[in-house]
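Enquirer: Got a structure here, written out as structure tokens. Questions coming.
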Amino acid sequence: MGTYRQFCPIAKASEILAERWTFLIVRELLLGSRRFSELEWGLPAIPRSLLVHRLRTLESTGLLVRAQAANGKTREYRLTEAGNELAGVLEQLGTWGQRWANDEIRPQDTDPSLLMWNMRRRLNKHLLPPRRVVIQFDFEGAKRETYWLIVDRDDVEVCKTNPGFEPDLFVRADTWAMHAIWLGRLELRDAQRSGLIELVGPRELVTAFPDWLALSPFAHVPPARGAVTVTSNQ
């Protein structure tokens, strides 16, 4: 960890937090990730060795601790008081980024894996049906990948491989469009009308699905430089 050799509090905080990936690791911990594998889901591009190094740095600087998990068999990462106090900082940073730095959805920024991981923890659980529902997502366009979301009110699981359950609902989605919907730049029903999103399944699930998505916590923040243009890449 480098030093700016300044007494300024911003400089001191930057020495800890301004290294690449650090804020995103804190973001994942604030959003509920505890195990190393969960952090890898939320940070799919980070090298494993770098993630280990950053976690050790955050532990040595007092932002997190490693503790025994509830099962008594594994260790998990938990933010300390200092780490949890960064919640307001990241909220302001995300709001600024959504308003000033996220006005273009580029193909290289789309990541269905990360999108599904975020979707898993941002569902309106009180609106979900009382039974288990399996949703198959088939992404097309910029990225062509398939994922399964196993949903019930007690738990939501995302799978990269077929979980062996018959899907109740199929979502065929243009990759750019699904990211734009998540970021609040495109309405799901508008994407359906233009053929960017197709829902196939029982009518009650197709009708209910749009209300299940809570979307990004920054979806309500409009871009400062006008509307975002989202183009189908099919």
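Just so you know, all these numbers are worked out from the coordinates, no wet-lab data involved. Only a predicted model underlies this, so the values are computations on that prediction, with no experimental measurement involved. Glycine gets a Cβ as well: all are built from the backbone with ideal geometry, and neighbour counts include every protein chain shown.
Enquirer: How big, on average over all directions, is the shadow cast by the Cα convex hull of the range 31-115, in nm²? All intermediate terms of the calculation are to be shown ahead of the outcome.
Expert: Numbers: hull surface 27.5 nm².
Over all viewing directions, the range 31-115 projects a mean Cα-hull area of 6.9 nm².
Enquirer: Further question: What FRET efficiency do you get for Cys159 and Asp103 if R0 is 30 Å and r is their Cβ-Cβ distance, rounded to the nearest 0.05?
Expert: Details: r = 33 Å, r/R0 = 1.09.
It comes to 0.35.
Enquirer: From the alpha carbon gyration tensor of the range 90-215, can you work out the equivalent ellipsoid semi-axes (sqrt of 5 times each eigenvalue) and give them in Å, largest to smallest?
Expert: Details: eigenvalues 112, 55, 42 Å².
The answer is 24, 17, 15 Å, longest axis first.
Enquirer: Something else: Obtain the nm distance between the two label points defined at Ser60 and Arg144 by a simple spin-label model: each point lies 7 Å from its Cα along the Cα-to-C-beta direction.
Expert: Here the answer is 4.6 nm between the modelled labels.
Enquirer: Give the residues of the range 188-226 whose amide nitrogen is closer than 15 Å to a point set 7 Å from the Cα of Glu91 in the direction of its Cβ.
Expert: From the range 188-226, the list is 217-221.
Enquirer: Sticking with this one: In the chain, once you exclude exposed trypsin sites (Lys or Arg not before Pro) (DSSP loop, at most 15 other Cβ within 10 angstrom), what's the longest stretch remaining?
Expert: Numbers: sites that count: Arg5, Arg20, Arg35, Lys73, Arg121, Arg131, Arg132, Arg144, Arg153, Lys160, Arg225.
The longest uninterrupted stretch comes out as 161-224.
Enquirer: Farthest toward the dipole's positive end in the chain, which of Ser49, Val206, Gln6, given Cβ charges of +1 (Lys, Arg) and -1 (Asp, Glu) about the Cα centre?
Expert: Toward the positive end, the furthest listed residue is Gln6.
Enquirer: Report, to the nearest 10°, how far helix 87-100 tilts away from the longest principal axis of the Cα atoms in the chain, using its own Cα long axis and a range of 0 to 90°.
Expert: With both axes taken from Cα atoms, the answer is about 60 degrees.
Enquirer: So, one more: Counting each DSSP H run of 4 or more residues in the chain as -39500 (n - 2.57), what helix-only mean residue ellipticity at 222 nm follows after dividing by all residues, to the nearest 500 deg cm²/dmol?
Expert: On the way: 10 runs with 89 residues, N = 234.
Here the helix-only value at 222 nm equals -10500 deg cm²/dmol.
Enquirer: Counting Lys and Arg as +1 and Asp and Glu as -1, each charge on the Cβ, what is the dipole of the chain about the Cα centre in debye, to the nearest 20? Numbers along the way, then the final one.
Expert: Values: 31 positive and 29 negative charges, 116 e Å.
Roughly 560 debye for the chain.
Enquirer: Test of understanding: what is the full-extension gain from Arg75 to Val52, defined as 0.36 nm times their sequence separation minus their Cα-Cα distance? Intermediate results must be reported in sequence, preceding the final value.
Expert: Details: separation 23, 0.36 × 23 = 8.28 nm, distance 1.35 nm.
Full extension from Arg75 to Val52 adds 6.9 nm.
Enquirer: Could you tell me the convex hull volume per residue, in Å³, taken over the Cα atoms of the chain? Before the final figure, lay out the partial values.
Expert: Numbers: hull volume 35.0 nm³, N = 234.
In the chain, the Cα convex hull volume per residue is 149 Å³.
Enquirer: Taking 41 Å as R0, compute the FRET efficiency from the Cβ-Cβ separation of Leu114 and Ile10 and round it to 0.05.
Expert: Working: r = 29 Å, r/R0 = 0.71.
With a Förster radius of 41 Å, E is 0.90.
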